[in-house]
Amino acid sequence: SAVISQKPSRDICQRGTSLTIQCQVDSQVTMMFWYRQQPGQSLTLIATANQGSEATYESGFVIDKFPISRPNLTFSTLTVSNMSPEDSSIYLCSVDLPETNYGYTFGSGTRLTVV
Amino acid sequence: KQEVTQIPAALSVPEGENLVLNCSFTDSAIYNLQWFRQDPGKGLTSLLLIQSSQREQTSGRLNASLDKSSGRSTLYIAASQPGDSATYLCAVVRDDYKLSFGAGTTVTVRA
């Protein structure tokens, strides 16, 4: 299965600042997904990132707050902008692998604390 | 909208006991169903993937069943060990290839 490298693994940030999270996959994939897991909650999909086009955001998430880049088939970034304490969460990237009948693999996550 | 429910929310068992984790979903038009394990503060580890045409999948001490018509999946973990302590998440792969997650079952295996 694909190996996903996600960084940083954790960070503590001041409110009002921005953090960019990177996700690197060791094989080419069509779609990359970004999720948020708030404390004590399950995962919520933020957006789907396709190479060469703008990301598609789920209801409740907007590009100004969570801009995403997808410059090639192995890499994506998610930026959390103008952070507030409510943004404190684990952020995870995920990819699907057609050769495994769409089994999903996740990165190790970025634990973000906003103070 | 696909709703995924996991029961129980938490489970504590003595070592050696078998675990039964339940997952239900409201829309039977699913592509796949996947079970994950999550350790505290960590990412997700895939345990089993069941395609919509399959009834079950097995890997070592783990067995997962799928009944699409009734909207249910069950994860069985045989002979539990303290290392099995984690949160187990059920995720339905929708036909748009996006995942809908349950809230998870937090398992504690007591030595």
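The values are calculated or read from the model by the stated rules, or taken from the named source; none is laboratory data. Nothing here was measured: the structure is a model prediction, and the numbers come from that model. Glycine also receives a Cβ, built like all others from the backbone with ideal geometry; neighbour counts cover every protein chain displayed.
Structure notes:
- Strands (runs of 3 or more DSSP E) wholly inside region A:1-79 containing at least 2 residues that are touching a residue at least 60 places away in the same chain (Cβ under 8 Å): A:4-7, A:10-13, A:19-25, A:31-37
- Residue-level check: of (1) under 19 Å from B:Val92 (Cα atoms); (2) in contact with a Gly (Cβ under 9 Å, 6 or more places away or on another chain); (3) modelled with pLDDT of 95 or more, A:Asp96 misses just (3).
- In region B:75-105, the residues that are of a type in the set (A, V, I, L, M), facing another protein chain (nearest Cβ under 9 Å) and touching a Ser or Thr at 6+ places or on another chain (Cβ under 8 Å): B:Leu89, B:Ala91, B:Leu99, B:Ala103
- Pairs, first basic (Lys, Arg) in region B:1-14, second surrounded by fewer than 17 Cβ atoms within 10 Å (Cβ to Cβ) and in a loop (DSSP other than H, G, I, E, B), C-beta under 9 Å, six or more apart: B:Lys1/B:Thr26; B:Lys1/B:Asp27
- Residue match in region B:52-73 (condition: in contact (Cβ under 8 Å) with a residue 60 or more places away in the chain and more than 17 Å from B:Thr5 (Cα to Cα)): no
- Among the residues of region B:30-39, some residue qualifies, meaning at least one is within 18 Å of A:Arg36 (Cα to Cα) and assigned to a loop (DSSP other than H, G, I, E, B).
- Restricting attention to region B:52-74 and to residues that are under 19 Å from A:Thr105 (Cα atoms) and among the small types (Gly, Ala, Ser), the residue that is nearest to the other protein chains (Cβ to nearest Cβ) turns out to be B:Ser52.
- If you go through region A:3-30 and keep only what is among the hydrophobic types (A, V, I, L, M, F, W, C) and surrounded by 17 or more Cβ atoms within 10 Å (Cβ to Cβ), you end up with A:Ile4, A:Leu19, A:Ile21, A:Cys23, A:Val25, A:Val29.
- Considering (1) at pLDDT 95 or above; (2) buried (at least 16 other Cβ atoms within 10 Å of the Cβ); (3) more than 9 Å from chain B (Cβ to nearest Cβ), the lone condition that A:Pro85 does not fulfil carries the number (2).
- Count of residues meeting criterion [closer than 22 Å to A:Pro85 by Cα, modelled with pLDDT of 95 or more and out of contact with any helix residue (DSSP H, G or I) (no Cβ under 8 Å at 6 or more places or on another chain)] in region A:10-37: 15
- Filter result for B:Arg94 (among the charged types (D, E, K, R), surrounded by 14 or more Cβ atoms within 10 Å (Cβ to Cβ) and in contact (Cβ under 8 Å) with a residue 40 or more places away in the chain): yes
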